[in-house]
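Undergrad: Can you read through this structure? Questions will come right after.
Read-outs: derived from the displayed coordinates by stated rules, not from any lab. Note that this is a predicted model, so its numbers are computed, not measured. Please note: Cβ atoms are built from the backbone with ideal geometry, for glycine as well, and neighbour counts cover all protein chains shown.
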2 protein chains.
Amino acid sequence: MSAANIKQSALAHFAKNGYEGASLKHIADDCGIKKPSIYAHFSSKQDLFLQVLQDVFQRQEELMVAYFLNHTDWPLEQQLHGFLENRLQAYQLDDEVQFFMRMAFFPPSTLYDEVMAMVYPLLDQQEQNLSRLLASGCPEHGRIIRHPRDAAIAFMTLVDGIHLETVFGGEERALRRLAAAWPVYWLGVTKQKYNHKS
Amino acid sequence: MSAANIKQSALAHFAKNGYEGASLKHIADDCGIKKPSIYAHFSSKQDLFLQVLQDVFQRQEELMVAYFLNHTDWPLEQQLHGFLENRLQAYQLDDEVQFFMRMAFFPPSTLYDEVMAMVYPLLDQQEQNLSRLLASGCPEHGRIIRHPRDAAIAFMTLVDGIHLETVFGGEERALRRLAAAWPVYWLGVTKQKYNHKS
DNA sequence: ACTCTCCTAACTAACGATCGTTAGTTAAAT
DNA sequence: ATTTAACTAACGATCGTTAGTTAGGAGAGT
């Protein structure tokens, strides 16, 4: 039994039951080993959790960066829409997105600082990257994103709303949201000329 | 000490630490009573939790219904935008929204069915009400919502994205999202004429 | 008005189970 | 021969929960 197997099993339990709800006994049972054997690989439950956390956040960041790097030749519209689709199909592969969402928004209170130290940079970077991407506009359609920073924030709101639905209702419900919300977003962001009343 | 006080304290603990992370001892300490005294009012931790759950869901539903009933004379645009603002300021009053989000998306696995039996009807009703509202269009602007059902789903995606941000970053960050995402949504939904390319 | 009774809501003490964790041991692999 | 990774046994703490007790207030009967 390798440390990677234990982390994989722990990931599933942390994702489904949270930090406090996941017990080392159940994780060990999943691996076919006894509870104390975990301590041959990890110094504590905290240690196991924080290693899982780091792995997941690093991988999620890599996935998001890699997506945009691999599609710089696509039109902006396809890049953004494909990103949402990409996140959806990445979701059903494993429990990483559920874990990610749970820990970003409902971290174990005893480890709040440690978790947030990983969440904040990732979200900041995501917003920054999106702002730059959207600031480049979309000349091949003759459209211009007027407020790239706002468009980036709105996009992240959309990402979160769809992510939440994957956690809640699974892929098919999330696809329904994507199909309904994407055209609204794209139209709103490309034809943006809005005067908010008071 | 009344049952209402215990439920209020329990709500705070469940919202902050989840079902498994909240202990009856801490809840009792908050109330200034001893742990077993809780059992004079509730038959079990489950019972306490489910009563809190029912109270919160019922109140949240009432708040949402009441908002739209009290603003039928407003233009559609104001109704929807005001709803988002209303949800935001309701959030900081107490822990109800955090509790609501946590339990809707990360329910305690041992009580999954009981929680979902309350979540599903509320969300279905919300979508239905929004669909009807949006289907009525917005004649005073000369605008027509072309796909009211999709617009309702997109609005709920927006609601969730903003709700999530209140849980994550508090009111000011959520207001930032609202300011950025609302114009995008409204423009996208009023000028909807979109052909999705495969 | 006074006592007796009943009920409520708190208490203390303790239960068994499970929690994360440590110590000490063993068998296999390097 | 040394290290690795598993094991058993057991630790103290905390979990939710139950039993048994006690003080105080409400209502009824004399």
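Undergrad: Shape verdict for the stretch A:6-50, please, from the Cα gyration tensor: rounded (a/c under 1.5), prolate (a/b greater than b/c) or oblate.
TA: Numbers: a/c = 1.75, a/b = 1.23, b/c = 1.43.
In terms of gyration-tensor shape, oblate.
Undergrad: Between copies, how far does the label point of residue B:170 sit from its twins, in nm, shortest first, when each point is 7 Å from Cα along Cα→Cβ?
TA: 4.0
Undergrad: List the GluC sites (Glu not before Pro) within the stretch A:71-112 that fall in a DSSP loop (any state other than H, G, I, E or B) and whose Cβ has at most 14 other Cβ atoms within 10 Å.
TA: Values: sites: A:77, A:85, A:96; in loops: none.
For GluC sites (Glu not before Pro) across the stretch A:71-112 that sit outside H, G, I, E and B with at most 14 neighbouring Cβ atoms in 10 Å, the list is empty.
Undergrad: Here's something else I'd like to know. What distance in nm lies between label points placed 7 Å from Cα along the C-beta direction at residue A:94 and residue B:173?
TA: Modelled inter-label distance: 2.5 nm.
Undergrad: Between their Cα atoms, which of A:16/B:16; A:34/B:16; B:16/B:45 are more than 22 Å away from each other?
TA: Values: A:16/B:16 17 Å; A:34/B:16 32 Å; B:16/B:45 16 Å.
Going by Cα-Cα distance, A:34/B:16 fall outside the 22 Å limit.
Undergrad: Beyond 33 Å, what share of the Cα-Cα pairs of the protein assembly as shown remains, rounded to the nearest whole percent?
TA: Working: 27854 of 78210 pairs.
Tail fraction, whole percent: 36.
Undergrad: Looking only at B:155, B:100, B:168, which one moves most when chain B is put into a Gaussian network model with springs between Cα atoms under 10 Å?
TA: Greatest mean-square fluctuation among the candidates belongs to B:168.
Undergrad: Can you list, shortest first in nanometers, how far residue B:111 lies from the same residue in the other copies, with each label 7 Å from Cα toward Cβ?
TA: From this label point to the equivalent ones elsewhere in the assembly: 2.4 nm.
Undergrad: Relative to the longest principal axis of chain A, what angle (0 to 90°, nearest 10) does the C-alpha long axis of helix A:45-69 take?
TA: Tilt relative to chain A: about 30 degrees.
Undergrad: While we're on this one: Fully extended, how many nm does the chain gain between residue B:59 and residue B:125 (0.36 nm per residue separation, minus their Cα-Cα distance)? Could the numbers behind the result be given before it?
TA: Details: separation 66, 0.36 × 66 = 23.76 nm, distance 1.44 nm.
The residue B:59-residue B:125 span can extend by a further 22.3 nm.
Undergrad: For helix A:148-190, what angle does its Cα long axis make with the longest principal axis of chain A, in degrees from 0 to 90 and rounded to 10?
TA: 40 degrees
Undergrad: Label the stretch B:144-192 by shape, choosing from rounded, prolate and oblate, from the square roots a ≥ b ≥ c of the eigenvalues of the Cα gyration tensor; if a/c is under 1.5 it is rounded, and otherwise prolate applies when a/b is larger than b/c, oblate when it is not. Spell out each step's value before the answer.
TA: Working: a/c = 5.13, a/b = 2.05, b/c = 2.51.
Oblate, because a/c is 1.5 or more while a/b does not exceed b/c.
Undergrad: In addition: Counting pairwise Cα distances across chain A, what percent come out greater than 25 angstrom?
TA: Numbers: 8629 of 19503 pairs.
Percentage above 25 Å: 44.
Undergrad: Same structure again: I want the local charge near residue B:47. Using Cβ-Cβ distances under 13 Å, sum +1 for each Lys or Arg and -1 for each Asp or Glu among the other residues. Spell out each step's value before the answer.
TA: Numbers: positive: B:7, B:45; negative: B:55, B:114.
Result for the neighbourhood of residue B:47: 0.
Undergrad: Take peptide A:18-30, look around each residue's Cβ out to 10 angstrom, count Cβ atoms belonging to other protein chains, and average those counts.
TA: Values: counts 9, 4, 7, 8, 1, 1, 0, 0, 0, 0, 0, 0, 0.
Taking all residues of A:18-30 together, the mean is 2.
Undergrad: How far apart, in nm, are two points set 7 Å out from the Cα along the Cα-to-Cβ line at residue B:71 and at residue A:43?
TA: Calculated label separation equals 5.3 nm.
Undergrad: Just to confirm the number: angle between the C-alpha axis of helix B:96-105 and the first principal axis of chain B, 0 to 90 degrees, nearest 10?
TA: Roughly 80 degrees between the two axes.
Undergrad: Here's something else I'd like to know. Do any trypsin sites (Lys or Arg not before Pro) in the stretch B:1-85 lie in a DSSP loop with no more than 12 other beta carbon atoms within 10 Å, and if so, which?
TA: Numbers: sites: B:7, B:16, B:25, B:34, B:45, B:59; in loops: B:34.
Taking the stretch B:1-85 and a limit of 12 other Cβ atoms within 10 Å, the loop trypsin sites (Lys or Arg not before Pro) found are B:34.
Undergrad: Let me ask another. Across every pair of different alpha-carbon atoms, what Kirkwood hydrodynamic radius in Å does the stretch A:50-132 reach?
TA: Values: mean 1/r = 0.0728 Å⁻¹.
Evaluated over the stretch A:50-132, this radius sits at 13.7 Å.
Undergrad: What shape does the stretch B:1-104 have by the C-alpha gyration tensor, where a ≥ b ≥ c are the square roots of the eigenvalues, rounded means a/c under 1.5, and otherwise prolate means a/b greater than b/c and oblate the rest?
TA: Details: a/c = 3.06, a/b = 2.63, b/c = 1.17.
It comes out prolate by the Cα gyration axes.
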